[in-house]
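**Q** There's a structure below that I have some questions on.
No value in this document is a laboratory result; all are computed from the given coordinates. Model, not experiment: these values are computed from the prediction. Reconstructed Cβ throughout: ideal geometry from the backbone, glycine too, with neighbour counts over all protein chains shown.
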Amino acid sequence: MNADWDHDGVRDEVFFVSPPNSYVYRISGSSNGPVRVSNGAAYTMDTYEIRPTGKHRIYAVTAGSTRIYSQLESGGWSTWEKYVP
């Protein structure tokens, strides 16, 4: 999933699921390679958004079709939480 956080038409980060452990990694222009974002829970990436609070959030779907999210906090990416609309 390509994230264009500043909506300028250029991807800022790429998020992907790495089988077989279902970890999510990100690659950005400022990283020297893939950086693990979260524990193994994701089956596929879904979408991304900037919350009204300004926090970056990524969404994924588990193998059981549950939509989950992680958001960028001051200490790094949060653990996965079940998304409840």
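**Q** Relative to the compact globular guide of 2.2 N^0.38 Å, what is the alpha carbon radius of gyration of the stretch 43-85, as a ratio? Kindly include the intermediate steps, with their values, before the conclusion.
**A** Details: Rg = 10.3 Å, N = 43, 2.2 N^0.38 = 9.2 Å.
Rg over 2.2 N^0.38 Å, computed on Cα atoms: 1.12.
**Q** Right, here's the next one. Where in the stretch 12-29 is the amide nitrogen less than 20 Å from a point lying 7 Å along the Cα-to-Cβ axis of TRP5?
**A** Under cut-off, by backbone N: 12-17, 24-29.
**Q** Can you give the Rg to Rh ratio for the chain, taking only C-alpha atoms and Rh from Kirkwood? Before the final figure, lay out each step's value.
**A** On the way: Rg = 12.3 Å, Rh = 13.0 Å.
My calculation of the ratio gives 0.94.
**Q** Mind checking the full-extension length gain between TYR25 and TYR43? Use 0.36 nm per residue of separation minus the Cα-Cα distance, one decimal, nm. It would help to have the intermediate numbers written out before the result.
**A** Working: separation 18, 0.36 × 18 = 6.48 nm, distance 1.25 nm.
5.2 nm is the gain from fully extending TYR25 to TYR43.
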